[in-house]
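A short reminder: the numbers here are calculations on the coordinates, not readings from a lab. This structure is a prediction, so every number in the text was calculated from the model and none was measured. Reconstructed Cβ throughout: ideal geometry from the backbone, glycine too, with neighbour counts over all protein chains shown.
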Amino acid sequence: MNESRLEKLLSFYNANESDSFIIFAIAKEYENIERFDKALKYYLELKEKDNDYVGLYYHLGKLYEIIREERLALSTYQEGLDIAKSQKDFHALSELNNAKMNLELQLGN
C-alpha cells in the first residue's frame, strides 16, 4: 500500500500503542508491501496485547502460510476458533474453520 498511509498509521500508533485496530492495520499494511517480518512483529504484538481480537487469527494464520510455517498456521487457526466460539462470532468461526480445513487438506492431514 501507500507509504504515506503506513507513515500515518505509525504516527497514530506512536500516539496510542494500545489501539488494537491501529496495530492490526499496520500489520496489514506491512503484509501488503510484502514486509512479512514487520507484519509478523505487529500481529504478534497485537496477540500479546489483545489476544481476544478475533480478526487477528485468520490473518496471522495466512501470514504463517505465506512464510511456510504451516504448523504455526494450524495452531493459530485453532486458537482463533476457540476465541471465536467463546465470543459466538460465527463469521470468524466459519472463516477460521475453512482456512484450517483447507490447510489440513493441502498438508494431507
*Could you run the Karplus curve 6.51 cos²θ - 1.76 cosθ + 1.60 with θ = phi - 60° over region 30-40 and give me ³J(HN,Hα) per residue in whole Hz, x for Gly and Pro?*
5, 4, 5, 9, 6, 9, 5, 5, 5, 4, 4
_Contour minus Cα-Cα distance for GLU7 and LYS62 (0.36 nm per residue)_ = 17.4 nm
*asked:* Rg/Rh for region 51-109 to two decimals, with Rh computed the Kirkwood way over all alpha-carbon pairs.
replied: 0.96
*Restricting the chain to GluC sites (Glu not before Pro) in coil, as DSSP defines it, with at most 13 other Cβ within 10 Å*: GLU17, GLU34
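What does the convex hull of the alpha-carbon atoms of the chain project to on average, in nm²?
Details: hull surface 26.6 nm².
In nm², the orientation-averaged hull projection of the chain is 6.7.
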*Pop a pseudo-label 7 angstrom from the Cα along the beta-carbon direction at both HIS91 and SER20 and give the gap in nm to one decimal.*
1.5
*Selected from TYR43, TYR13, TYR58 as most flexible by GNM, with the chain as the system and alpha-carbon contacts under 10 Å*: TYR13
_Sequence-distant aspartates and glutamates (8 or more away, or on other chains) whose Cα lies within less than 13 Å of LYS49_ = GLU17, ASP19
*Where Lys and Arg each count +1 and Asp and Glu each count -1, what net charge lies around ASN14 among other residues with Cβ under 14 Å from its Cβ?*
-3
